[in-house]
Structures are given as C-alpha cells and as structure tokens.
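The block underneath contains the structure these notes are about, expressed in structure tokens.
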Amino acid sequence: MYKLLNTSAFLIIIIASVIILSHLSIINNNLICDSEWYIDLATGNYHNVVKPFINRIIYPFITRIVMLSAGVDVKIAFLALNILSLLVLLLSLFNIVKSFIPNKMLYIPIFFTPVLIDFYKNFCLPELFYAALLGLFFLLLLQGRLWSSLAFLFLLFMTRENTIILSLCIIIICSYKRQRQYAASVIVVSLVAMVAISFISHYGQPNIHKLPEILYLALKMPINFISNFSGVIIWTNTLPVSGISSHTWHNNPLIQVALPKWLCFGAVTSVGIYGFDIFRPMNTFLVLLTSFGLGPVLLASVIRRNYRNIIDESPVWLLIAVSYGLFSYVIGTSIGADVTRLIAYGWPAFWLVTPILMLKYYSLNRRSIINLLIINSLLCWLNTILLCIYDQWYITTAITICLAILIYLLILFRQDYLMPGSEQAKTF
C-alpha cells in the first residue's frame, strides 16, 4: 500500500510539473506546424488532409469520440487525451524499470526533461499518444505477453508510419533470437496495417508535391539531411512562400532551375535553393547533444565495451527498444524539418535501455549515480536555463553545444568511475 501511494505521489508531482511548465504555450494556443491536419481529422474534415497525415488516424479518431461524447471543443479533447497519454507513459516507464532501478527518485531525472515537456505541449500531435502506446508495447513484451502486444503494434502503425522501423527491428531481432513465430506474426500484422493505411489514404489528398509515395520518401530523407546539417534550404515550386513565412528570407528562391520534362514528377517542375539558415544545423547539433543528456555517450560507451554480452544476454524486448531507439534517434535528423520533435522518438534507447545497461554492466556507487544524474539534467536543461538568463538563441545555443561536446569528451576519456560490474550483476 505504501509503495502504491509513493508511486501515485511521484506521478501526481511529475504530471503537475509538466502541465505547469507547458501552461503558457497552451493558454496562448501556440500550436506548432502540422496541428491543423490533426484538427481537421478530429473534426471530420479528412478530405482536406494530405499524406502522410491522413494515415495517422487513431489519435484524432479517439479525440473525436471524446469531443462528441463530452461535448467539448476539439482542442480540449486533444488536451484531455494528452494528459491521459502522459499518465500511461509514466506508468509504463515505472513498471518497466521497477525491477532494475529500485529507487524511483533516481529514475525521475532521466525522463523529466524538455523532451517530455515538448511531448505534452504539442498536444494536437500524436507524439505523446504514440509514446504511451509504445511504452505499453514494451511493457507487454517484458511481461511475455507477446500476442497481446500485436494489437498495440497495429495501433502504433495507425498512429505513425515510422512504426515500420519498430517492425523491422522486431523481425530481425526475433529471427536472430529464434522467436520466428512471433516474427512471422509481426510481418502479418505489419502487412495488414499497411493495407489498412493504404485504404484510408484514399479519403485524403496526396502529398503536397503530388509525387508517388516511394519517390516522395526516397527524396525526403536526403533533402532534409542537407537542410538540417548544412542549412541549405532546398526549394521546389510546390512549396509556396506563405508556407515558410516564419523565416526571414527573400520572397523568391536564390537559385531556381526549371526541370526538363523527363525529370518532372508530380507537380514539381522547378527546383532551387531558397536560402541558407544557420538555425537548422545549430538546432540539429543542439538536439542531438542535449535532448537525452548523457544518454547517447553513456549508451555508446556501454555498447562499445559489452556489445557481445548485450546481444547474447539481453532479453528480446530490450534489444528491440535499443535498436528502435537508436535508429529513430539517428534517422530523426533526416525525415523532417522539426528535428527537435523527430529525434525525440529515440527515447526508448535512453530513458529505458541506458539506465538498465549502466546498472547491469558497471559497478556504480550512489555518489557516481547522483553525479551522473546531475550532469545529465544540467545538460538537458542547459539551453533553456541560459535562454532565461540571456535571450539570444544563437549565442546560448553555441555555448550549449560547446559545453556539451566538452562533457561528452570528458565522459569518453575519463571513465575511471565506470568500473565493470560483478558477475552477479551480469544476469538479468
């Protein structure tokens, strides 16, 4: 009873803190780009919605049920479902790590970061809802309820198309671990989900470029990679100036070239360079280095030292979580312009796997753990803190990136406090 009350108190405090920190953005209705597509889906205006948003039907569909049954505004319905998603995610995290991390207080700084705040703040987007479903999915895998997890896999597909990454990770890892029956079931569920998505997509509009989906996806990643890492913004005639009016660029692209007829696909007839934006690469490196604090460097360190043991000894759910999380973390830099939001999909690798592997393969005393947690939290919140002191994003971001690189190098080359664990700690 005491443990239940203790956990409930933690959850109440965390959820209240997230809501309070996000309150200003929600009050001002500061909805980010793409929110209108989900609002259209929830209000029944799905014929106006373009791909890939028309495929992400589950979150706005449940929101519509809440909106109609409770008689509330669509944004209130989204917000209510987002709060429930936050609760489900936190419960899933606590239940997964409870047998690995006895002290819940030491676990809170790992996930209580700006990433969690952004998940909640963007309440019209399915990020937090997807994270909650994914948390339940991993919890079911941990409990050995493989067949129940398939239902959540289908829901994940209907929430975000990047579930194909999760599906591929499951198929590869389960085949390697000789759980071929489950791998085959995942293939079937994935195919059924993709057929359902293909059927649903006919009720909306094609992508804004009117390109075939395969070509659209093939071009999307390299174009976003170039923009996010170099700051060179690729332009096409299908991107109107009004769609990117938040940037202080010229009204016309710097370079514009008409494509020959044999290279024209869909509605794209001209390409060019719109301009250069230093914000893109700076933000990409900031997000990569600070979103999960010390998580990336600690995970890289423990994998480098123990990769063979991790592959052989780790349970299937953990291998799936780390592979999906790392792949999402890396590919998030290249599948869209909002890398802050997309890289955050890598959370399972850092919120779940990293602390578990650190405690398994290293003998960390309480002082070392607390020191790492303090540095981790400081790194996650550093740019936010600096912006409160000095409201100049480019300067504070440059400082944060430099400090983050310095901290990463210190962790990599000063690992005397990371001692190998005992033989007893080598078993899950």
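Just so you know, all these numbers are worked out from the coordinates, no wet-lab data involved. Please read all numbers here as calculations on a predicted model, not as lab measurements. Virtual Cβ from ideal backbone geometry, glycine too; neighbours counted across all protein chains shown.
In terms of modelled amide H atoms, which long-range or inter-chain residues lie less than 5 Å from the amide H of residue 275?
233, 254
For the chain, with only Lys/Arg (+1) and Asp/Glu (-1) charged at the beta-carbon, what is the dipole magnitude about the Cα centre, in debye rounded to 20?
The calculated dipole for the chain is roughly 1000 debye.
What does the net charge come to around residue 213 if you take all other residues with beta carbon closer than 14 Å to its beta carbon, with K and R at +1 and D and E at -1?
On the way: positive: 51, 210, 220; negative: 161.
Counting the neighbours of residue 213, the net charge comes to +2.
Chymotrypsin sites (Phe, Trp or Tyr not before Pro) within region 58-165: which are DSSP loop residues with at most 16 other Cβ atoms inside 10 Å?
Sites meeting the loop and neighbour criteria: 100.
Which cross-chain or sequence-distant (5 or more) residues have an amide H under 5 Å from the amide H of residue 362, H modelled 1.01 Å from N in plane?
Answer set, sorted by chain and number: 421.
Rank 267, 229, 150 by how far each Cα sits towards the positive end of the charge dipole of the chain (+1 on Lys, Arg Cβ; -1 on Asp, Glu Cβ) and give me just the farthest.
150
Kindly put 33, 388, 174 in sequence by how many other C-beta atoms sit within 10 Å of each C-beta, fewest to most.
Ascending number of Cβ neighbours within 10 Å: 388, 33, 174.
Residue 50's amide H: which non-local residues (gap 5+, or another chain) put their own amide H closer than 5 Å, with H modeled 1.01 Å from N in plane and none for Pro or chain starts?
Amide H neighbours of residue 50, under 5 Å, 5+ apart: 205.
Just to confirm the filter: which trypsin sites (Lys or Arg not before Pro) across region 40-102 are DSSP coil and have at most 14 other Cβ within 10 angstrom of their Cβ?
For trypsin sites (Lys or Arg not before Pro) across region 40-102 that sit outside H, G, I, E and B with at most 14 neighbouring Cβ atoms in 10 Å, the list reads 98.
Hey, with R₀ at 30 Å, roughly what FRET efficiency would residue 223 and residue 393 work out to, going by the Cβ-Cβ distance, to 0.05?
Working from the Cβ atoms, E equals 0.75.
Within 10 Å of each candidate Cβ there may be at most 15 other Cβ atoms; applying that plus a DSSP loop requirement, which trypsin sites (Lys or Arg not before Pro) in region 100-152 survive?
Details: sites: 104, 121, 145; in loops: 145.
Sparse-neighbourhood loop trypsin sites (Lys or Arg not before Pro): 145.
Kindly provide the Kirkwood hydrodynamic radius of the chain in Å, to one decimal, from all pairs of distinct alpha carbon atoms.
On the way: mean 1/r = 0.0432 Å⁻¹.
Radius from the Kirkwood sum: 23.1 Å.
Under unit Cβ charges (Lys, Arg +1; Asp, Glu -1), what dipole magnitude, rounded to 20 debye, does region 70-182 have relative to its Cα centre?
Details: 9 positive and 4 negative charges, 96 e Å.
Charge dipole, region 70-182, about its Cα centre: 460 debye, nearest 20.
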